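Right, one structure below, let's go through it.
Coordinate-derived values only; no laboratory data. Worth saying up front: this structure is predicted, and the values here are computed from it rather than measured. Positions of Cβ are generated from backbone atoms using ideal geometry, with glycine treated the same way; all protein chains shown enter the neighbour counts.
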Amino acid sequence: MRNLLKPSTKSKPSATDKKRQKELRQELQPTTVNTIAYQGLFENGLMQVTPDYYSQSYLLGDVNYQTVGLEERSLIVDKYSDMINALDDRTHFQLTLFNQRVNLDKFRSSVLYPLHNDGYNHFCEELNQMMNQNLDNGENNFNTIKLITFGRTDTSTKQAHRSLSQVGEYVKNGLAEIDCTFHLLEGEARVNYLADMLRGDNHLPFSYKDLALSGLTTKHFIAPQSMSFKHKDYMAIDDRYLQVVYVRDYGTELGDSFIRDLMQTDRELIISFHGQGSQKSEAMAKVRTKKTLMESQKIGEQQKMARSGIYLEKASHVLETTIDEADDLLSTMTKTGDKLFETVFLIGLLEDSPEALKEALNDMRQVAGSHDLIIDPLPYMQEAAFNSLLPLGKNFLQGISRSLLTSNIAVQSPWTSVDLQDKGGKYYGINQISNNIITIDRKALNTPSGLILGTSGAGKGMGTKHEITTTRLKEVDDKTDIIVVDPENEYGLIGQAFDGESIIIAPDSQTFLNVLDLSSHGFDEDPVKLKSEFLLSWIGKLLDRQMDGREKSIIDRVTRLTYQHFLEPTLEEWVFVLSKQPEPEAGNLALDMELYVKGSLDMFAHRTNVTTDKSFVIYNVKKLGEALKPIALMVVFEQIWNRVVRNQQLGKTTWIYFDEMQLLLLDEYASNFFFKLWSRVRKYGAIPTGITQNVETLLMDANGRRILANSEFMILLKQAKNDREELVHLLGLSKELEKYLVNPERGAGLIKAGHTVVPFKNRIPADTQLFDLMSTDPDKMVQVKREDE
């Protein structure tokens, strides 16, 4: 392990390095470096707090704690408790929550839609207006950062790193069982989080390259310009004031809402909870000794009162309560195996003036009082309290600790409401719990495939059009294609608005799609083999019967022969080759196919006469009958597949929307084909989204259930009772989350991204052009169409 507190190389700095070195030295001139009580921070994240004491910090992710039932909450608390209880008596535990004030101007600039001279600024302006209103009404003023820091005394840097890493890995594996992320903070991230706390969000971003250039220490990048401890109860940090207080006189039982209530006071604050465990035998001996002393004190009080002629069975209320608590501690430790921890609960308040600090302290005391707790200042101990507040993994305060069992520590949930706010993500509405806006980057998900599910009239159409609109406005046109499969002619207007092309497929149309088209771009798989598989499914669906083994072999052979003898074959050439095969089954197949080659349904037997390079394409199959529609959709999907392959070669993302996707799950051939396509396009960088109101069809089909289980993005709107119960079971939703699917307003329900599920609503004002564009109301659609004409 290499100490990176000082430059490790002696190479001659370049002119750029010299300029950067000068900037760093001008910016980083604090005189408060020695106030921060650690000695060094290694690049791998290991901090040397004292010569023989080290710590590591981890970023704790979110858990849907507020939207699960009591049973699920108990499971989360139990897992968190197991994690804490597994710590040995040499490992110090520190939970730090930083309620960071967000720079709203910077946040707005990261989520609002930029204006361009492309004719779509009016849509961007309306979206931005909606987002600004929601930002003003939400809780976006604060962002909660959750850190867990482990500290321990060790004989060497190497041994400390090994021991703390083992602790972190154990905790990470345990938290994974409740879908909670847990990431080690390496040196750079750890410095930047500490700088956020002490210098605000305008500090220089730290890197070890800059450290080497500057010749300074990591603390120079963290420490504020000035600090003063002149006042006994608070300190001045640059132009702000910090007061560290502690929670005292709390019982052995702490509820799970105290921390959440503190974080919702609309105050910038830092909470740090320290816990230092002890060996069970030592802890029980300590409690027994204290109990014996208290009982002796009780006897002394009783004897004293008896000499005055007063005979009491019980002593003072405080003493009796403390003795009872000792009994409870001993009983619980014996029955459950809980460990005893010495704990310190600190709250750091950050304000712009001493007066504001006083108001903030009153707010904290009110919250504590509602939980039957008391908050007290720490006079003349602010410097030790300051370092104990920071996530350094060590408590520097003496004499204010409180003994708590593992389970009583774990119930103090570090998780508040969960938000979905990806940097650079698209806007999806607002979180119904926190009222914060929702921004999601589907590309960042492991599996960005998605589903939009809801009953008729629940808002599926508007939800789909909203995402299409935000995708079109957010992403660069020459790097993104949007393809919509439209069985009900619902997307024509949005296509017109964004210069899309609508391809109408119907028996009386002159639009032809060649079922034997192959992509001109490279494949990872044999394209002829893939086409053979497609034709097997397509012909089976076309003729509405299962192919036997001989027929399957004939279809595969004919496909290979057709591409060998014809450069750009059509279905007509394929049937010609089929008719030349010697088997009787070949002749029967050729006769069965005649209607689709020379008859009235020959729309797929000609060369494709649609060529479009537009980035927005809509395949409209509304005019097809119910029997022909699934067959046509399979051909459309082949065309889409060819485009996806081409786009991957060009470095483009393809967003595909399959409306009425249940049509492709109605029989085995179509279902298997659609699932293969769905799985295949993801490997080529496409992002498929299925839309349906027939959730039952999805749930009854094996491939439909696989699509459900493997889609990390979902918009769940109002669901029928049976569908809702099945979805809740399949997705593992809580009863509390299920309530949001029972009878929500239109366009509201649940939104899922990865493991996170939050209640959302996305109300588009009726007096906007966006509403006219997205509405599926017939009157509105006619009105907009007339305006476009």
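Structural remarks
- Per-residue Cβ neighbour counts within 10 Å put Lys339, Lys629, Lys552 in the sequence Lys552, Lys629, Lys339, beginning with the fewest.
- Reported to the nearest whole Å, the Cα centre-to-centre distance from segment 87-144 to segment 541-577 is 56.
- Each label was represented as a point 7 Å from its Cα along the Cα-to-Cβ direction; for Asn173 and Asn117 these points are 6.1 nm apart.
- Distance-filtered residues of segment 663-679 - backbone nitrogen under 13 Å, label point 7 angstrom along Gln546 Cα→Cβ: 668-669
- Potential lengthening between Asn609 and Asp352 on full extension [0.36 nm per residue; Cα-Cα distance subtracted]: 85.6 nm
- For segment 411-468 versus segment 588-626, the spacing of their alpha-carbon centroids is 37 Å.
- Normalised by 2.2 N^0.38 Å, where N counts its residues, the alpha-carbon radius of gyration of segment 599-659 equals 1.25.
- Remark: segment 115-233 projects, on average over all directions, an area of 14.9 nm² (convex hull of Cα atoms).
- Theoretical FRET efficiency, 1/(1+(r/R0)^6), r = Cβ-Cβ of Leu650 and Gln510, R0 30 Å, to 0.05: 0.55
- A simple count of charges around Tyr53, restricted to other residues whose Cβ falls under 14 Å of its Cβ and scoring Lys, Arg +1 and Asp, Glu -1, yields +1.
- Reduced Cα scattering model of segment 676-748, Debye log10 I(q)/I(0), q = 0.11, 0.13, 0.27, 0.28 Å⁻¹: -0.30, -0.42, -1.39, -1.45
- Shape of segment 668-714, Cα gyration tensor, a/c cut at 1.5: oblate
- The alpha-carbon positions of segment 369-412 define a convex hull whose volume is 114 Å³ per residue.
- Once the chain from Val528 to Asp556 is taken as fully extended at 0.36 nm per residue, the excess over their C-alpha distance is 9.2 nm.
- From phi via Karplus (6.51, -1.76, 1.60), per-residue ³J(HN,Hα) for segment 70-79 in Hz, x at Gly/Pro: 4, 5, 5, 4, 4, 5, 5, 5, 4, 5
- Segment 344-404-segment 628-677 distance, computed between alpha-carbon centres (Å): 59 Å
- Legend: ranking of residues His183, His466 from fewest to most surrounding C-beta atoms inside 10 Å; resulting order His183, His466.
- Over segment 561-643 - Rg/Rh using Cα atoms and the Kirkwood inverse-distance radius: 1.01
- Cα convex hull volume per residue for segment 524-608 (Å³): 98 Å³
- The simple spin-label model puts a point 7 Å past each Cα toward its Cβ; for Ser600 and Asn435 those points are separated by 6.2 nm.
- For segment 425-575, the Stokes-Einstein estimate of translational diffusion at 10 °C and a viscosity of 1.306 mPa s comes to 81 µm²/s, using the Kirkwood hydrodynamic radius over alpha-carbon pairs.
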